[in-house]
Every structure is written in structure tokens, then in C-alpha cells.
Amino acid sequence: MTETMSTNEEKKKSLLNGRRAIPSNNSNEEENNVPEMEAFGLIPRGFNPKDYLRVVDIHMFKEPHEINKQQHHTDKYYSPRLIVRRGQPFQIQIDFNRPYKPETDNFWLEYLIGRYPQQNKGTYIPIQVRDVLKSGEWGAKIIHKENNSIRLSIMSSATCIIGKFRLYVAVWTPFGILRTHRNSATDTYILFNPWCQQDAVYLDDEKEREEYILNDVGIVFHGNINDIKLRSWSYGQFEENILDACLFLMDKAELELSGRGNPIKICRVASAVINSRDDNGVIAGSWDNTYSYGVPPSAWTGSVDILLEYYSSKQPVRYGQCWVFAGVFNTFLRCLGIPARLVTNYSSAHDNNANLQLDFFLDDEGKLDTKLTKDSVWNYHCWNEAWMTRPDLPVGFGGWQVVDGTPQETSDGMYRCGPASVQAIKHGHVCFQFDAPFVYAEVNSDIVYSRREKNGTQVIEKIDTTHIGQLIVTKAVGHDGMMEITEEYKFQEGSKEERLALETAVMYGVKKQTTQDTVYQPQTDVDMDFQVQKAVLGSDFKVTITFRNKSHNYYTVTTYLSGNIVFYTGVAKNEFKKHSFSAKLEPSSSRTFDVVIKSSEYLSDLLDQASFHFFVTARINETGKILATQKATVLEIPTLRIKTPGEMVAGKEMSVTVEFTNPLKQTLENITLRLEGPGVLRTMKKEFRQIPMNATLIWEVKCIPKQPGLRKLIASLNCDALRHVYGELNVQIQKP
């Protein structure tokens with residue numbers, strides 16, 4: 001059977017470039033052809049499929065009043081199809097042409113999604129009938145048999161892809177597999193499940209689930225801090241075709257189907273596709289008060305019209321401002337089953353260069369210089385919070401995540417923002433992805449009013465530390481009132497925790513402009529630094545904190561040390577060390593303090609590259625000044641030593657030795673060494689049975705380098721107890 005390829009197909013095929021066996025599977029809409037008869041070989045002449053078990057009908061129990069939609073809280077969706085939530089059983093009934101005989105009959109279910117279903121990607125799911133269902137894993141069991149019918153309870157995986165699956169029933173015969181024909185009436189939508197403990201979006205409070213998933217209207221708070229206004233917004237996540245429109249947004253964003261079980265990925269791509277900048281997304285923003293050929297943002301009453309217009313026209317809908325982006329985003333999230341709420345931040349900083357400082361430049365007369373002033377304060381700004389675990393961040397940073405579809409600044413080259421952990425923002429841990437520094441600045445910036453004198457010096461007239469992010473609110477749970485959530489984002493203004501969080505954020509890379517050329521006096525009395533003792537993997541080590549009091553005053557400092565294990569990309573896994581202490585500092589003297597890090601504290605959680613991140617913050621209690629410093633440190637995974645005794649000349653034999661000393665308190669077993677050097681030697685591999693503790697292994701290799709010039713030799717060692725052991729050496733190969 002030959003298919004004529006559409007030009008679109010050809011284009012996809014040409015994009016493969018030999019890198020992947022099949023094109024990317026990033027459209028829920030596209031389908032593949034599934035054979036109704038899959039023969040095992042030549043079919044004998046007398047074979048009649050009708051002699052075998054045959055599916056006559058499938059009942060999906062998909063009406064709003066029936067068991068599936070009731071139990072799965074999907075009875076509000078205006079859709080004739082079955083809609084269920086993942087990680088929770090649902091029922092279907094299969095009518096056969098005769099009674100089902102388990103001894104001889106063999107059938108199974110197949111769920112498929114997309115154009116190129118593959119089992120290892122979760123886009124092709126075969127389900128055999130079993131005796132028991134395992135919680136949170138795909139499976140099916142027979143719960144009722146009557147005449148020619150069986151009723152199945154089907155469990156979906158709690159990490160299953162979100163989208164529309166096609167269902168086939170396959171029956172085994174000696175000569176081939178018989179399948180039901182393609183029937184869109186049996187299509188099954190699978191959504192996130194906040195009622196399921198194993199789901200990444202699990203929310204344990206029923207009233208909150210009713211609000212953040214099932215409530216299809218909400219309140220937008222706007223106006224300004226002194227005059228709070230509110231308006232209702234229709235999310236309409238259950239309206240006809242809205243679910244399909246939301247799935248289309250993920251197709252539009254070209255999110256690979258295999259990534260669609262992950263709420264972090266879905267939020268990230270959605271925050272880009274909600275706005276039209278750089279990807280022709282849903283809503284075109286306009287803030288200049290001219291809305292020709294479109295609807296003024298204030299005219300929209302809800303999300304449904306916008307989503308349906310976009311779904312049919314595939315062109316950006318004009319126009320939106322922040323609450324419109326946030327309203328549509330909220331619909332998208334709730335529709336797919338991710339708990340979500342719309343949040344308003346009053347006096348929101350749009351900090352052009354994310355330096356935690358909104359610079360307002362004044363002219364000679366003290367008036368605002370609009371040419372120089374690039375930063376802005378929004379009376380209010382709306383964004384969304386989505387609820388999910390963050391397995392990619394340290395423990396404690398799950399829960400509400402900021403996602404923002406309003407195009408303000410680019411992130412990784414696109415206009416998008418989030419998900420950023422609210423908890424991380426509160427504590428200043430803005431190193432954790434995605435876009436936490438930007439959100440931190442939105443709620444925490446200082447406003448600096450400065451004026452340039454005639455002689456060029458810059459004078460700071462006023463610093464307002466309390467103006468930004470004064471009030472952060474969302475709709476209350478269960479009624480239309482306002483719920484203040486400012487303290488979810490920041491500590492009490494002026495509290496010591498708030499300043500510490502600020503210093504942490506600054507330390508983690510939020511730029512806080514140094515006020516050089518200004519009349520502001522920084523703290524110079526006390527210096528603090530810390531050293532992490534160079535330590536080899538598997539040993540205890542010290543962090544030594546040094547204070548130098550350069551003043552004539554007695555001071556006491558309160559010091560906090562936090563140690564985090566981080567991935568080599570800098571993403572933290574968890575905080576393994578917390579330590580705080582007080583110290584007395586004598587005038588004009590130095591003091592050092594040691595904090596011991598035991599190997600037992602880190603070894604069990606250690607990641608491949610053995611990277612740590614320490615930060616130390618200290619407050620001088622008498623002056624309130626903060627000292628903060630941070631260091632990333634990597635335990636020394638012992639390296640391989642590569643040596644090249646003798647001369648290195650192209651075309652002549654040379655010698656390379658690789659040495660390694662075992663640092664662990666155990667014998668290493670089954671070690672594999674590899675050595676390669678492009679242009680010097682082909683990859684060579686050698687296996688060693690064991691290296692006792694403290695013993696040194698030496699491997700000598702002879703080779704003939706081909707070309708002169710600067711080359712690199714690279715060696716690696718691998719065994720179960722030790723990975724990522726590398727060595728490299730630059731060698732200059734001489735001309736003969």
C-alpha cells in the first residue's frame with residue numbers, strides 16, 4: 001500500500017537530516033493508519049476472520065451523568081467524547097460476537113496518539129487484561145461479564161501524556177491480529193488529575209480543587225493600589241471545542257507529544273504561545289491605545305471567543321493586555337487539569353535591565369527625564385500561578401509557580417515567563433529556573449530617583465524601597481472576595497528575613513546596581529569571605545568563614561550557611577546542609593569559623609558531577625548591614641593523569657600513559673578506561689578487574705600521531721562506584 005506524500009510530509013522528512021528515524025511527533029491532531037488486519041504471513045485460503053472473537057460494539061460510558069465523567073470530575077465538559085483524568089480507573093464495555101473465553105481468546109487494548117506512535121515515548125500504549133490494577137500504571141481488568149459482553153476497568157498512568165487518544169481493540173488469531181476500525185466516537189481525552197496523589201499537579205484541598213480546576217469564572221483585580229477595582233472574567237474551560245482549542249495550542253507550540261505529561265514543559269511553552277510575539281500565538285498585545293482592526297482589550301469578557309477565534313483562524317487575535325493574557329492562560333491551565341489562579345501585583349516593576357532597581361532620572365529642575373528613564377512601574381500587572389511539583393528543583397519549591405503569558409521580556413530567546421517557584425522568589429533563591437529573577441524584580445525592586453549634577457556626578461535624591469509589589473492578590477476560594485497573597489511572595493517589608501532574601505537574590509545573580517559615582521555609602525566596616533576546603537569525593541571537608549572587622553567597634557554577626565547539591569547545569573537538587581551561628585567580632589581583628597561537612601551528609605544524594613553550591617549570609621546586628629557571598633564548588637572527582645614522555649612528532653611512534661589513584665574507602669571493581677585523541681589515536685579501551693583503595697593504576701599506550709598541530713587527548717574512567725572521571729591533555733604534535 002503506497003501513500004502519496006503530501007508536501008507537508010515531504011518537508012518533515014527533509015527535516016530529519018539523518019538524525020532521527022522518524023519525524024518529531026508534535027501534533028495531537030495528526031494520525032497514522034492502523035491496519036485492521038495485521039497478517040503474520042500468508043493467510044490460508046479458508047481463513048475467515050468471522051470465525052474468531054470479534055468486537056461488535058464498544059460502550060464508553062461518556063455521558064455527563066454516567067460513571068466515568070462523574071468520578072473524574074469531567075461532567076462539565078461540553079463534549080460528546082469520553083474525558084478522564086490520569087492515574088484513576090475508568091470503565092468501558094466491549095460487546096463481542098460471542099461470549100469471551102479467557103482460556104482461548106486473547107485481546108488487548110491499544111491507545112495511540114499522534115502521527116508516529118511509539119511505545120517507548122508513551123504515544124503507543126498496548127494494554128493487556130490482568131487480574132489486578134496497579135495504582136498509577138496502565139492496566140485493565142475485567143470487572144463484569146454478561147452474555148457476549150465484558151466490562152473493563154482501565155487504569156491510566158499518573159504520568160501519562162495529556163491529550164486525545166485513539167482507541168483500538170486488537171484480537172489475536174493464529175494468522176494475524178484483527179483490530180477494530182478507526183472510530184472517533186471511542187476517542188478518549190486524558191487530562192491532568194489534581195485528585196490523584198501520584199499526579200504532579202495533585203492538590204489536597206477539595207475546596208481549592210473546586211475553585212482552581214472546576215470554577216469556570218473568576219475575578220480580575222485591576223485599578224491601582226489606592227483604588228482597587230474588580231471585574232469578572234469567564235474562563236469557560238468546559239465550553240464546546242475549548243478543550244480541542246487548548247490541545248491545538250500545544251500543537252502550535254510544537255511541543256513533542258512525549259513531553260505533554262509534564263506540567264512544567266506545558267506551562268513553559270504555553271506562556272510563549274499565549275502571546276503572538278515571535279510565534280504567531282493566540283493574542284496580539286497592544287498598549288498604545290490604538291486598536292484598529294481589532295477588539296480593545298477592555299472589551300473582552302472572557303477567554304472563549306478568543307480561543308475559538310484563534311482555533312479557527314490560526315491567526316493572532318487582536319488585542320490583549322495583561323489580564324487578557326492571564327485570563328486565557330488560566331482557561332488553558334484549568335481546561336487541561338492544572339490548578340491555576342489569576343494573580344494581580346499592584347505597583348509592578350517592569351525592570352528593563354533586571355537590576356532590582358527602577359531608575360528614574362530627574363533633570364535639573366527635578367522633573368522626570370523621559371529620554372533617560374527606561375524602566376516603568378505598572379499600576380498593576382496580572383499573571384498566573386499554576387500548581388505542580390518541581391522535581392527539577394530542590395525539595396520545597398513545588399506548589400504555586402508563576403507563569404506569565406504577557407510579552408514583557410524575552411526568556412531563552414522567546415517572549416515567555418515561568419514557571420518560577422513562588423517559594424523560591426520569596427526566599428531569594430532566584431537561581432532556580434525559569435525566570436525567577438524577572439519575577440523577583442517585579443515584586444521587589446527599589447525605585448531610585450537620581451539626578452546628574454552639572455559636574456557629572458550623580459546624586460541619589462531618594463530611594464523608595466516599599467513602593468513596588470505592595471499588594472499581591474487573587475480571588476478568594478469559594479467566593480468573590482479578594483485574598484491577599486503578598487506574604488507568599490515576600491517577607492514583611494523591612495524584616496530581617498526580607499533583607500536576607502534580597503541579599504540572597506542579589507547573590508544568586510539578580511543584578512543590584514552598585515551605586516558608584518554617587519553619594520551613597522556602602523558598608524566597609526567588616527569583610528566576610530569563605531573558603532571551601534578542596535576535598536576529594538568521599539571525604540569530609542570544611543567550610544571556613546572569615547570575618548575581618550576593620551572598625552574600632554565591637555560587633556556581633558548572625559551567620560547562615562546553606563549548602564545545596566546542584567546538577568552540573570547549576571539546577572539544584574536539594575539543600576543538604578543548613579547551619580547558623582552567632583559570632584562576636586573584636587575591633588580591628590579577624591576571626592575564622594569552621595563548619596564541617598561530613599561525607600555522610602552528601603554522599604547519598606550526590607549527583608554525577610558532585611557539584612555543590614554554598615552561600616553564606618551574615619547580618620551585623622548593630623548596624624543591620626548584610627554581608628553575603630556564595631561559591632559554587634565541585635568535590636574533586638579524582639582525575640586521570642595523562643602524560644606523554646618523549647617526543648611527539650607526526651608520523652612517529654609516541655607513548656601515552658594514563659594514571660589513576662583510587663581515592664575511595666573501597667576497592668573499585670570492573671573498571672573501563674577509554675582514551676582517544678582526534679588526529680593522534682583512535683579510541684582505545686581497556687578493562688581492569690579492580691583497583692584497591694589508594695592504589696594507582698598505570699596504562700601505557702603507543703600510537704602514531706597523524707597530523708602536526710595542537711591536539712587534545714581525552715581519557716575517561718568508569719565503574720559502578722565512580723563515574724565522570726576524566727582526564728585531558730593538550731599536546732603539541734611537531735612537524736616531522
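When Thr569 is tested against (1) in a loop (DSSP other than H, G, I, E, B); (2) modelled with pLDDT under 85; (3) surrounded by 14 or more Cβ atoms within 10 Å (Cβ to Cβ), just one condition goes unmet, and that condition is (3). Summed over the stretch 262-293, the residues that are at positive phi and in contact (Cβ under 8 Å) with a residue 40 or more places away in the chain give a count of 1.
Of the residues making up the stretch 488-505, just one is surrounded by fewer than 21 Cβ atoms within 10 Å (Cβ to Cβ), more than 14 Å from Tyr560 (Cα to Cα) and in contact with a strand residue (DSSP E or B) (Cβ under 9 Å, 6 or more places away or on another chain), namely Glu488.
The residue pairs whose first member lies in the stretch 298-325 and is without any contact (Cβ under 8 Å) to a residue 60 or more places away in the chain, whose second member is surrounded by 18 or more Cβ atoms within 10 Å (Cβ to Cβ) and part of a loop (DSSP other than H, G, I, E, B), and whose beta carbons are closer than 7 Å, counting only pairs six or more residues apart or on different chains, are Ile306/Val282; Ile306/Trp300; Pro316/Ser276; Pro316/Gly281; Pro316/Val282; Val317/Val282; Val324/Trp300.
Gly176 passes every criterion in (1) on the phi < 0 side of the Ramachandran plot; (2) in the same structural domain as Thr74 (by the TED database) apart from (1). Each residue in the stretch 49-70 was checked for being within 26 Å of Cys246 (Cβ to Cβ) and either open to solvent by less than 10 Å² (accessible area, probe 1.4 Å) or touching a Lys or Arg at 6+ places or on another chain (Cβ under 9 Å) (or both), and 7 of them qualify. Of all residue pairs spaced 6 or more apart or on separate chains, those with beta-carbon atoms under 8 Å, a first member in the stretch 239-261 that is open to solvent by less than 10 Å² (accessible area, probe 1.4 Å) and a second member that is basic (Lys, Arg) and in a helix (DSSP H, G or I) are Leu257/Lys121; Gly259/Lys265. Against the criterion of being buried (at least 17 other Cβ atoms within 10 Å of the Cβ), in contact (Cβ under 8 Å) with a residue 60 or more places away in the chain, of a type in the set (D, E, K, R) and touching a Ser or Thr at 6+ places or on another chain (Cβ under 7 Å), Arg115 qualifies. Among the strands (runs of 3 or more DSSP E) confined to the stretch 139-226, the ones with at least 2 residues that are closer than 28 Å to Asn262 by Cβ and either touching a residue at least 24 places away in the same chain (Cβ under 8 Å) or touching a Cys at 6+ places or on another chain (Cβ under 9 Å) (or both) are located at 149-155, 163-173, 188-191. Applying the set (1) closer than 29 Å to Thr331 by Cβ; (2) open to solvent by 10 Å² or more (accessible area, probe 1.4 Å) to Asp199 leaves exactly one unmet item: (2). Between a first residue in the stretch 36-64 that is closer than 30 Å to Val84 by Cβ and a second residue that is open to solvent by 80 Å² or more (accessible area, probe 1.4 Å), which pairs have beta carbons less than 6 Å apart while being 6 or more apart in sequence or on different chains? Correct list of pairs: Glu36/His181.
The values are calculated or read from the model by the stated rules, or taken from the named source; none is laboratory data. What you are looking at is a predicted structure, and each value in this text was computed from that prediction instead of being measured. Virtual Cβ from ideal backbone geometry, glycine too; neighbours counted across all protein chains shown. Heads up: the accessible areas ignore ligands, DNA and RNA and are worked out on the full protein's heavy atoms, side chains in. Shrake-Rupley method; radii C 1.70, N 1.55, O 1.52, S 1.80 Å.
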